[in-house]
1. State the percentage of accessible surface on the chain attributable to carbon and sulfur atoms; use a 1.4 Å probe and exclude ligands, DNA and RNA.
2. Restricting to segment 21-152, what percent of DSSP beta bridges are antiparallel, rounded to 5?
3. Scan around VAL29 for amide H atoms under 5 Å from its own, H built in the peptide plane at 1.01 Å from N, and keep only partners 5 or more places away or cross-chain.
4. Place +1 on the Cβ of every Lys and Arg and -1 on the Cβ of every Asp and Glu in the chain, take the dipole about the Cα centre, and give the residue among ALA43, LEU152, GLY26 whose Cα lies farthest towards its positive end.
5. Return the lysines within reach of LYS155: Cα separation strictly under 27 angstrom, same-chain partners fewer than 8 residues apart disregarded; answer none if there are no such residues.
6. Please report the spacing between the Cα centers of segment 60-83 and segment 6-41 in Å, no decimals.
7. Calculate one ³J(HN,Hα) per residue across segment 20-37 by plugging θ = phi - 60° into the Karplus curve 6.51 cos²θ - 1.76 cosθ + 1.60, and present them in order as whole Hz with x for glycine and proline.
8. Top mean-square fluctuation among VAL153, VAL63, VAL143, Gaussian network model of the chain, C-alpha springs under 10 Å?
Amino acid sequence: MPLKLLIADDEKDITDMLASYFRRAGYEVLAAYGGQEAVALSARGPDLILLDVSMPDMDGLEVCRRIRRDVSCPILFLTARVEDSDKLRGFAAGGDEYIVKPFSIDVLGAQVEAHLRRDRRRAVPAKVRFDGELVINYSDRTVRLGETEIALVKKEFDILSFLSQNPGLVFDKERIYEQVWGFDSEGDSSVVAEHIRRIRVKLAAAGAKPYIETVWGCGYRWSK
């Protein structure tokens, strides 16, 4: 069953363009051309909502406040407003991200995918045991090998968490950087290799097998 997106913008050309793009990407799309219609369509259980802030009948912030009582999916605001105060109001209303117009539609597609992936991880068991020895607790962010706790700093755990929840899949440094540091972070993906080196050193010091494999010329993966 395809994932369902609700797209709401009073500019019909933008709504139709986004709807066409995401349908081609395999999503089911609910298109709304105003705030009242967005509230009504939210009852159909979207997995993610793209919500314009400036709509004449009911602005996006009010839409978000109304539907947030009934939906828990990610809500991404689309807006031309760039002031911090506007962003703070959006987050206070229940939004998860503020995307400033104009935007790259391909980057928006990747952001939607990332939010859906994070949302799906909520269904992942809080604690997972690998090979009967290594235990990762995603809820309290701890890693143990037997009785030994392996101390990881925040970004190291985030990388470990991302790879271990996608076993067997290969991710290049750029994809890992975007996932862990975010699209808008300053810096570059070269830091990924150093963080993975540190993770490997800590796992090896505790006696763990090499869970993170290098796929030369491609990236890294968590061994199955």
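The values are calculated or read from the model by the stated rules, or taken from the named source; none is laboratory data. This structure is a prediction, so every number in the text was calculated from the model and none was measured. Glycine also receives a Cβ, built like all others from the backbone with ideal geometry; neighbour counts cover every protein chain displayed. Just so you know, the surface numbers come from the protein's heavy atoms only, side chains and all, with ligands and any DNA or RNA stripped out. Shrake-Rupley method; radii C 1.70, N 1.55, O 1.52, S 1.80 Å.
1. 50 percent
2. Bridges in segment 21-152 are about 55 percent antiparallel.
3. Residues meeting the criterion, in which the H sits 1.01 Å from N, are LEU5.
4. Ranked along the dipole, the leading option is LEU152.
5. Here the lysines satisfying the reach criterion relative to LYS155 are LYS87, LYS127, LYS173, LYS202, LYS209, LYS224.
6. 14 Å
7. 5, 4, 6, 5, 4, 7, x, 8, 8, 10, 9, 9, 10, 10, x, x, 4, 5
8. Result: VAL153 has the largest fluctuation of those listed.
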